[in-house]
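The structure appears below as C-alpha coordinates.
The values are calculated or read from the model by the stated rules, or taken from the named source; none is laboratory data. Since we're looking at a predicted model, the values are computed, not measured. Using ideal geometry, Cβ is built from the backbone for each residue, glycine included, and neighbour counts are taken over all protein chains shown. Note: areas computed on protein heavy atoms with side chains; ligands, DNA, RNA excluded. Shrake-Rupley method; radii C 1.70, N 1.55, O 1.52, S 1.80 Å.
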Amino acid sequence: MNIEQEMNWIENSKNIDSLEVEICFQLKNSFYIGDPNSHEQLQDEKYREAMELPSFERVVLTMARTSEAVENTNELASYYKNIIEKAVALEKPFNDIRQYFWLRLWLWNTEEDVHVSFPWYDSLSEMQQFFSWLKGGTEEPYIDMDQGWQVDAIRVGENLHIRQIDPDYDEEYSNVCVPFGIFVQKAIEVENRAQQIISGLSKELGIDVWSKYLNEASFGTGERQPNKKINRTKKAGGFFSRLFRR
(Lines give C-alpha, C1' and ligand atoms only; values in the text may rest on other atoms or scores of the structure.)
Protein backbone atom coordinates (compact mmCIF):
# COMPACT_ATOMS: atom_id res chain seq x y z
CA MET A 1 0.00 0.00 0.00
CA ASN A 2 1.49 3.35 -1.03
CA ILE A 3 1.31 6.66 0.84
CA GLU A 4 -1.53 7.95 -1.35
CA GLN A 5 -3.65 4.91 -0.55
CA GLU A 6 -2.83 5.16 3.15
CA MET A 7 -3.98 8.80 3.21
CA ASN A 8 -7.35 8.11 1.56
CA TRP A 9 -9.00 8.34 4.98
CA ILE A 10 -8.76 12.15 4.93
CA GLU A 11 -11.34 12.28 2.15
CA ASN A 12 -13.88 10.94 4.63
CA SER A 13 -13.04 13.31 7.51
CA LYS A 14 -16.04 15.07 9.01
CA ASN A 15 -15.63 18.85 9.17
CA ILE A 16 -16.33 20.22 12.64
CA ASP A 17 -15.74 23.64 14.17
CA SER A 18 -13.27 22.60 16.87
CA LEU A 19 -11.76 19.96 19.12
CA GLU A 20 -11.15 20.56 22.80
CA VAL A 21 -7.75 19.48 24.16
CA GLU A 22 -6.90 18.53 27.73
CA ILE A 23 -4.34 16.68 29.79
CA CYS A 24 -5.91 15.03 32.80
CA PHE A 25 -4.39 13.86 36.07
CA GLN A 26 -6.04 10.54 36.78
CA LEU A 27 -7.45 10.24 40.29
CA LYS A 28 -8.45 7.13 42.21
CA ASN A 29 -10.87 6.95 45.11
CA SER A 30 -9.27 3.80 46.54
CA PHE A 31 -5.78 2.46 47.22
CA TYR A 32 -4.94 -1.19 46.59
CA ILE A 33 -3.32 -2.81 49.63
CA GLY A 34 -3.18 -6.39 48.40
CA ASP A 35 -0.69 -8.50 46.45
CA PRO A 36 -0.18 -6.95 42.99
CA ASN A 37 0.30 -10.44 41.55
CA SER A 38 -2.93 -11.88 42.96
CA HIS A 39 -5.82 -11.72 40.51
CA GLU A 40 -8.21 -12.82 43.27
CA GLN A 41 -7.18 -9.97 45.59
CA LEU A 42 -7.24 -7.45 42.76
CA GLN A 43 -10.91 -8.26 42.23
CA ASP A 44 -11.78 -8.16 45.95
CA GLU A 45 -12.92 -4.79 47.30
CA LYS A 46 -11.71 -5.65 50.82
CA TYR A 47 -8.16 -5.10 49.55
CA ARG A 48 -8.93 -1.49 48.70
CA GLU A 49 -8.78 1.39 51.15
CA ALA A 50 -10.93 4.43 50.48
CA MET A 51 -9.00 7.57 49.55
CA GLU A 52 -10.18 11.14 49.82
CA LEU A 53 -10.21 12.89 46.47
CA PRO A 54 -9.36 16.59 46.04
CA SER A 55 -12.34 18.82 46.76
CA PHE A 56 -11.88 21.37 43.96
CA GLU A 57 -14.55 21.39 41.26
CA ARG A 58 -14.13 18.92 38.38
CA VAL A 59 -16.32 17.86 35.47
CA VAL A 60 -15.25 14.23 35.97
CA LEU A 61 -14.68 13.21 39.58
CA THR A 62 -11.76 10.88 38.81
CA MET A 63 -9.94 13.26 36.48
CA ALA A 64 -8.38 16.65 37.12
CA ARG A 65 -8.01 18.66 33.93
CA THR A 66 -5.16 21.14 33.76
CA SER A 67 -7.73 23.94 33.61
CA GLU A 68 -9.22 22.66 36.89
CA ALA A 69 -5.96 21.85 38.68
CA VAL A 70 -3.82 24.86 37.76
CA GLU A 71 -5.17 26.95 40.67
CA ASN A 72 -5.35 23.95 43.01
CA THR A 73 -1.86 22.45 42.87
CA ASN A 74 -1.48 22.34 46.66
CA GLU A 75 -4.63 20.28 47.08
CA LEU A 76 -3.58 17.94 44.27
CA ALA A 77 -0.17 17.55 45.93
CA SER A 78 -1.87 16.55 49.19
CA TYR A 79 -3.73 13.82 47.34
CA TYR A 80 -0.45 12.43 45.98
CA LYS A 81 1.26 12.71 49.38
CA ASN A 82 -1.47 10.51 50.82
CA ILE A 83 -0.71 7.87 48.19
CA ILE A 84 3.00 8.00 49.02
CA GLU A 85 2.37 7.65 52.75
CA LYS A 86 0.21 4.57 52.16
CA ALA A 87 2.83 3.04 49.86
CA VAL A 88 5.64 3.62 52.34
CA ALA A 89 3.63 2.12 55.20
CA LEU A 90 2.99 -1.02 53.13
CA GLU A 91 6.55 -1.11 51.70
CA LYS A 92 5.18 -1.05 48.18
CA PRO A 93 7.74 -0.39 45.41
CA PHE A 94 7.17 2.47 43.03
CA ASN A 95 6.27 0.02 40.27
CA ASP A 96 3.21 -0.98 42.32
CA ILE A 97 1.92 2.59 42.56
CA ARG A 98 3.05 4.25 39.33
CA GLN A 99 -0.48 4.03 37.91
CA TYR A 100 -1.64 6.53 40.54
CA PHE A 101 0.49 9.17 38.80
CA TRP A 102 -0.63 8.56 35.23
CA LEU A 103 -1.83 11.32 32.92
CA ARG A 104 -4.24 11.15 30.00
CA LEU A 105 -4.50 13.19 26.82
CA TRP A 106 -8.02 13.69 25.50
CA LEU A 107 -9.45 15.41 22.43
CA TRP A 108 -13.20 15.84 22.14
CA ASN A 109 -16.20 17.71 20.84
CA THR A 110 -19.28 16.97 22.95
CA GLU A 111 -21.84 18.40 20.52
CA GLU A 112 -20.49 16.30 17.66
CA ASP A 113 -19.99 13.25 19.92
CA VAL A 114 -16.34 13.04 18.85
CA HIS A 115 -13.61 11.64 21.11
CA VAL A 116 -9.96 10.90 20.38
CA SER A 117 -8.04 9.15 23.14
CA PHE A 118 -4.38 8.29 23.70
CA PRO A 119 -4.64 5.39 26.20
CA TRP A 120 -0.99 4.38 25.85
CA TYR A 121 0.34 7.84 26.75
CA ASP A 122 0.87 7.86 30.51
CA SER A 123 3.42 10.67 30.86
CA LEU A 124 3.80 14.22 29.57
CA SER A 125 6.83 13.39 27.41
CA GLU A 126 4.76 10.90 25.43
CA MET A 127 2.10 13.54 24.80
CA GLN A 128 4.77 16.05 23.83
CA GLN A 129 5.64 13.91 20.83
CA PHE A 130 2.23 14.85 19.44
CA PHE A 131 2.52 18.48 20.57
CA SER A 132 5.98 18.80 19.01
CA TRP A 133 4.63 17.48 15.74
CA LEU A 134 1.81 20.03 15.84
CA LYS A 135 4.19 22.93 16.55
CA GLY A 136 6.73 21.77 13.99
CA GLY A 137 4.52 22.61 11.03
CA THR A 138 5.65 19.52 9.14
CA GLU A 139 3.70 18.14 6.21
CA GLU A 140 4.62 14.63 7.26
CA PRO A 141 1.76 12.73 8.93
CA TYR A 142 1.75 11.86 12.61
CA ILE A 143 1.16 8.16 13.15
CA ASP A 144 1.36 6.24 16.41
CA MET A 145 -0.01 2.86 17.34
CA ASP A 146 -0.03 0.23 20.04
CA GLN A 147 -2.20 -2.74 20.95
CA GLY A 148 -5.66 -2.17 19.49
CA TRP A 149 -5.06 1.57 19.02
CA GLN A 150 -3.80 3.94 16.33
CA VAL A 151 -3.98 7.69 15.82
CA ASP A 152 -3.31 9.30 12.43
CA ALA A 153 -3.03 13.05 11.95
CA ILE A 154 -1.98 15.26 9.06
CA ARG A 155 -2.10 18.94 8.21
CA VAL A 156 -3.75 19.76 4.90
CA GLY A 157 -3.62 23.47 4.16
CA GLU A 158 -5.14 25.29 7.15
CA ASN A 159 -6.86 22.21 8.51
CA LEU A 160 -5.94 19.29 10.75
CA HIS A 161 -7.27 15.86 9.90
CA ILE A 162 -7.16 13.36 12.74
CA ARG A 163 -8.64 9.95 13.33
CA GLN A 164 -8.52 7.09 15.84
CA ILE A 165 -8.83 3.49 14.74
CA ASP A 166 -8.38 -0.06 15.97
CA PRO A 167 -5.87 -1.42 13.44
CA ASP A 168 -6.38 -5.00 14.64
CA TYR A 169 -10.04 -5.00 13.60
CA ASP A 170 -9.94 -2.20 11.02
CA GLU A 171 -12.51 -0.25 13.03
CA GLU A 172 -12.65 3.57 12.90
CA TYR A 173 -13.79 5.42 16.04
CA SER A 174 -13.37 9.00 14.89
CA ASN A 175 -12.26 10.89 11.79
CA VAL A 176 -12.57 14.67 11.81
CA CYS A 177 -11.17 17.83 10.26
CA VAL A 178 -10.71 21.03 12.32
CA PRO A 179 -8.99 24.42 11.83
CA PHE A 180 -5.30 23.77 12.46
CA GLY A 181 -4.25 27.11 14.01
CA ILE A 182 -6.97 27.16 16.67
CA PHE A 183 -6.26 23.57 17.65
CA VAL A 184 -2.51 24.15 17.96
CA GLN A 185 -3.05 27.20 20.17
CA LYS A 186 -5.24 25.14 22.51
CA ALA A 187 -2.61 22.39 22.63
CA ILE A 188 0.14 24.90 23.50
CA GLU A 189 -1.96 26.36 26.34
CA VAL A 190 -2.70 22.91 27.75
CA GLU A 191 0.95 21.85 27.57
CA ASN A 192 2.03 25.04 29.35
CA ARG A 193 -0.53 24.50 32.12
CA ALA A 194 0.55 20.88 32.54
CA GLN A 195 4.19 21.92 32.88
CA GLN A 196 3.24 24.57 35.44
CA ILE A 197 1.24 22.09 37.52
CA ILE A 198 3.93 19.40 37.33
CA SER A 199 6.57 21.92 38.39
CA GLY A 200 4.51 22.77 41.48
CA LEU A 201 3.81 19.12 42.31
CA SER A 202 7.47 18.20 41.89
CA LYS A 203 8.53 20.85 44.42
CA GLU A 204 5.98 19.51 46.91
CA LEU A 205 6.91 15.83 46.45
CA GLY A 206 10.63 16.22 45.77
CA ILE A 207 10.56 14.51 42.37
CA ASP A 208 8.83 14.70 38.99
CA VAL A 209 7.02 11.42 38.30
CA TRP A 210 4.67 12.83 35.63
CA SER A 211 6.96 14.07 32.85
CA LYS A 212 8.56 10.78 31.87
CA TYR A 213 8.72 7.09 32.72
CA LEU A 214 10.85 6.34 35.77
CA ASN A 215 12.13 2.99 37.01
CA GLU A 216 12.56 4.32 40.54
CA ALA A 217 11.40 7.35 42.50
CA SER A 218 12.72 8.95 45.70
CA PHE A 219 10.05 11.08 47.30
CA GLY A 220 10.57 13.72 49.95
CA THR A 221 11.96 17.21 50.43
CA GLY A 222 14.07 18.90 53.07
CA GLU A 223 10.89 20.08 54.79
CA ARG A 224 8.84 16.90 54.52
CA GLN A 225 9.60 13.20 54.31
CA PRO A 226 7.18 10.32 53.81
CA ASN A 227 6.24 8.03 56.70
CA LYS A 228 9.10 7.69 59.19
CA LYS A 229 9.09 3.91 58.91
CA ILE A 230 12.16 2.37 57.26
CA ASN A 231 11.49 2.90 53.57
CA ARG A 232 12.42 -0.40 52.04
CA THR A 233 11.14 -1.49 48.66
CA LYS A 234 11.27 -4.74 46.78
CA LYS A 235 13.28 -5.24 43.65
CA ALA A 236 14.31 -8.50 41.97
CA GLY A 237 13.56 -10.48 45.10
CA GLY A 238 15.61 -8.28 47.42
CA PHE A 239 15.20 -4.98 49.20
CA PHE A 240 16.67 -1.59 48.50
CA SER A 241 16.13 1.91 49.82
CA ARG A 242 16.22 3.89 46.60
CA LEU A 243 12.49 4.15 46.07
CA PHE A 244 11.50 6.35 48.98
CA ARG A 245 13.71 8.62 51.01
CA ARG A 246 13.76 8.37 54.77
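Check the stretch 101-111 and report whether any residue there is farther than 30 Å from Glu172 by Cβ, surrounded by 14 or more Cβ atoms within 10 Å (Cβ to Cβ) and out of contact with any Cys (no Cβ under 9 Å at 6 or more places or on another chain). Full working, then the answer.
Residues of the stretch 101-111 that are farther than 30 Å from Glu172 by Cβ, as a first pass: 101.
From what is left, the residues that are surrounded by 14 or more Cβ atoms within 10 Å (Cβ to Cβ) are 101.
Next cut, out of contact with any Cys (no Cβ under 9 Å at 6 or more places or on another chain) only: 101.
Yes, the stretch 101-111 contains a residue that is farther than 30 Å from Glu172 by Cβ, surrounded by 14 or more Cβ atoms within 10 Å (Cβ to Cβ) and out of contact with any Cys (no Cβ under 9 Å at 6 or more places or on another chain).
Can you name the residue in the stretch 114-133 that is within 25 Å of Asp208 (Cα to Cα) and among the hydrophobic types (A, V, I, L, M, F, W, C) and is also most open to solvent (accessible area, probe 1.4 Å) among such residues?
Taking the stretch 114-133 first, the residues within 25 Å of Asp208 (Cα to Cα) are 117-133.
With among the hydrophobic types (A, V, I, L, M, F, W, C) added as a condition, the list becomes 118, 120, 124, 127, 130-131, 133.
Numbers: Phe118: 1, Trp120: 99, Leu124: 5, Met127: 0, Phe130: 0, Phe131: 3, Trp133: 30 Å².
The selected residue is Trp120.
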Open item on the list: Given the options Ile197, Ile165, Ile182, Ile154, name the one that is in contact (Cβ under 8 Å) with a residue 12 or more places away in the chain, open to solvent by less than 60 Å² (accessible area, probe 1.4 Å) and in a helix (DSSP H, G or I).
Closed with: Ile197
TODO: Return the pairs, sorted by first residue and then second, in which the second residue is crowded, with 19+ Cβ neighbours inside 10 Å and assigned to a helix (DSSP H, G or I), the first residue lies in the stretch 111-127 and is free of Cβ contacts under 8 Å to residues at least 24 places away in the same chain and of a type outside the set (Gly, Ala, Ser), the beta carbons are less than 6 Å apart, and the residues are 6+ apart or on different chains.
DONE: Tyr121/Met127
Open item on the list: Name the single residue that is most open to solvent (accessible area, probe 1.4 Å) among those in the stretch 134-151 being charged (D, E, K, R) and over 21 Å from Glu189 (Cα atoms).
Closed with: Glu139
TODO: Output the number of the condition that Asn37 fails; it satisfies all remaining conditions of (1) touching a helix residue (DSSP H, G or I) at 6+ places or on another chain (Cβ under 8 Å); (2) of a type outside the set (A, V, I, L, M); (3) open to solvent by 30 Å² or more (accessible area, probe 1.4 Å).
DONE: (1)
TODO: Identify the single condition in (1) under 20 Å from Val60 (Cβ atoms); (2) without any contact (Cβ under 8 Å) to a residue 24 or more places away in the chain that Ile143 does not satisfy, given that it satisfies every other one.
DONE: (1)
TODO: Any chance you could count how many residues in the stretch 49-95 are touching a helix residue (DSSP H, G or I) at 6+ places or on another chain (Cβ under 8 Å) and open to solvent by 40 Å² or more (accessible area, probe 1.4 Å)?
DONE: 7
Open item on the list: Restricting to the stretch 178-216, give me the number of residues that are within 24 Å of Gly157 (Cα to Cα) and small (Gly, Ala, Ser).
Closed with: 2
Open item on the list: Are there strands (runs of 3 or more DSSP E) fully within the stretch 1-108 with at least 3 residues that are farther than 20 Å from Gln164 by Cβ? List them.
Closed with: 30-32, 48-50
